[in-house]
1. Hey, could you check the range 179-210 for residues that are surrounded by fewer than 19 Cβ atoms within 10 Å (Cβ to Cβ), in contact (Cβ under 8 Å) with a residue 12 or more places away in the chain and more than 13 Å from the ligand (Cβ to nearest atom) and say which is farthest from the chain's Cα centre (by Cα)?
2. Does residue 144 satisfy the condition of being within 15 Å of the chain's Cα centre (by Cα), within 29 Å of residue 222 (Cβ to Cβ), more than 10 Å from the ligand (Cβ to nearest atom) and outside any helix (DSSP H, G or I)?
3. Quick check on my filter: what residues within the range 10-59 are at positive phi and buried (at least 16 other Cβ atoms within 10 Å of the Cβ)?
4. If I go through the range 43-60 residue by residue, how many of them are within 25 Å of residue 228 (Cβ to Cβ), within 15 Å of the ligand (Cβ to nearest atom) and in contact with a strand residue (DSSP E or B) (Cβ under 9 Å, 6 or more places away or on another chain)?
5. Examine the range 214-227 for a residue that is in a loop (DSSP other than H, G, I, E, B), under 24 Å from residue 34 (Cβ atoms), touching a strand residue (DSSP E or B) at 6+ places or on another chain (Cβ under 8 Å) and in contact (Cβ under 8 Å) with a residue 60 or more places away in the chain, and state whether such a residue exists.
6. Scan the range 61-75 residue by residue and report those that are over 12 Å from residue 120 (Cβ atoms), within 12 Å of the ligand (Cβ to nearest atom) and assigned to a loop (DSSP other than H, G, I, E, B).
Ligand code: NAP
């Protein structure tokens, strides 16, 4: 069965693409293939050439630097979105960061500075982006972010990032309530382990990835392409009626304790 999604009259802002492996890019690829006009934001100037390379050849695309924790840069980003598109139909938040030290030590030893950084970058920026976007969002618009199962269960070394993801999931529900009467949907996608730059900064990620592949219901990990397809569903009119949810795309990893015959 094939479903054609036409987003040629729609606009999107995607925040947090570092390179072709980024989950934000997997989502953007789906939007661009459906004809959507897409703006991108990136944190620092060092990411600009990569994003320019990725988006070359796509029409209706623009890119702008914006650190999501910087109020002035966020104001400028959404002013640019208004100037380019007038209104927005979709917002993708694909941003997370925790200081390395917070993921190497015991969770018990998390410093207040590392706690604040992780929660601010990985959870509060969703609230901030939604607030900046609100005046531009059309009724029925859709907001999607990315989360991980360490919000629900202890994943070794994920530490304060697990707390940040729990905050992101709760924020998703509160934002969905605030924006619900305009039928603006807010959902978060819980992705299984995927090899990206952010993932590489998690101590022991390779082992986690391999274990995921062995223990998931499918006997493999989910792919960025599968994240992109779930995002397309949630961002497009296919997903009307769905809001405030954490939806898993993990090849059935989170439903398993351990696969028979595996450790
Ligand atoms: P990624 O390619 O490294 O993307 C993360 C992006 O966040 C990078 O572009 C990074 O920019 C950006 N970022 C960090 N701090 C920022 C800030 N203050 N302002 C603006 N942008 C900022 O890694 P990814 O795995 O695709 O991560 C995207 C999302 O998926 C994250 O929320 C992550 O937690 C989530 N997720 C990933 C996995 C996985 O296994 N990969 C699983 C579940 C959920 P810089 O490169 O400049 O830091």
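1. It comes out as 182.
2. yes
3. If we filter the range 10-59 for residues that are at positive phi, which is where we start, we get 16, 35, 57.
Passing the criteria: only 16.
4. 9
5. no
6. Within the range 61-75, 66 is the sole residue that qualifies.
All of the numbers you see were taken from the coordinates with simple rules; none came from a lab. Just so it is clear, the structure is predicted and the values come from calculations on it, not from any experiment. So basically every Cβ, Gly included, is an ideal-geometry build from the backbone, and we count neighbours across all protein chains shown.
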